[in-house]
Amino acid sequence: HNKTSLGDILREDPKILRNIAGYYFARDYYKEAADIFIYLLEKEKSGEIYQKIAWCCQKTGDYERALDFYLKAELYGINHLWNLRKIALCYRNLKKPVKALEYYREAEKIDPENLGIQLNIGNCLLELEQYEDALKCFFRVEYLSPGNKKVWRPIAWCSFLTGKKDQALKYF
């Protein structure tokens, strides 16, 4: 797609370029896919293209750039819940738990029973050293999904940090 001999021909038909980008995307060639999606974005602005570029950036570890594209995609209002969660994830990876928590709370309003969102809210609260509030989130996950082992360690850690040693020992 990016060779002089073929690139000029392919650039004439955005559908072909989109198919090539989709091929790269599906096979985890995120840098190549992002290059094409960015080119396509110059031709047509769409929330879907912004999301795909953001996903490519996220998968290559460029969370700052991914965040920028997710925020632009958010303006189009497509896949709102998914987008909120990805924005929050980027903020968490950028070590900005306050902003991450803000977006996870927005996602929680849309899907209050989602255990992944609840776990992430708890983890943000844990990072912010709000242990009692984090415990409430983790216990909610445990209540909604009894036997969910993913939540035991954070419950144990928060319990330990709040001085509830018997409870911490039970979960450890």
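The values are calculated or read from the model by the stated rules, or taken from the named source; none is laboratory data. In this text the structure is predicted, and so the values were computed from the model without any measurement. Here the Cβ positions follow ideal geometry from the backbone for every residue, glycine too, while neighbour counts run over all protein chains shown. Quick note on the areas: whole protein, heavy atoms, side chains included, nothing else; ligands and nucleic acids left out. Shrake-Rupley method; radii C 1.70, N 1.55, O 1.52, S 1.80 Å.
Observations on the structure shown:
- Of the residues Lys164, Lys96, the single one that is under 26 Å from Arg65 (Cα atoms) and either of a type in the set (Asp, Glu) or surrounded by 15 or more Cβ atoms within 10 Å (Cβ to Cβ) (or both) is Lys96.
- Among the criteria (1) modelled with pLDDT under 90; (2) touching a Ser or Thr at 6+ places or on another chain (Cβ under 7 Å), the one Tyr30 does not fulfil is (1).
- When the range 104-143 is filtered for residues that are open to solvent by less than 50 Å² (accessible area, probe 1.4 Å) and of a type in the set (S, T, N, Q), the ones remaining, listed by number, are Asn114, Gln118, Asn120, Asn123.
- Considering the range 11-61, and only residues there that are farther than 15 Å from Ala73 by Cβ and of a type in the set (A, V, I, L, M), the residue that is surrounded by the fewest Cβ atoms within 10 Å (Cβ to Cβ) turns out to be Ala26.
- Residues of the range 29-44 that turn out to be over 17 Å from Gly61 (Cβ atoms) and assigned to a helix (DSSP H, G or I), as a count: 8
- Check on Val151, β-branched (Val, Ile, Thr) and either open to solvent by less than 80 Å² (accessible area, probe 1.4 Å) or within 14 Å of the chain's Cα centre (by Cα) (or both): yes
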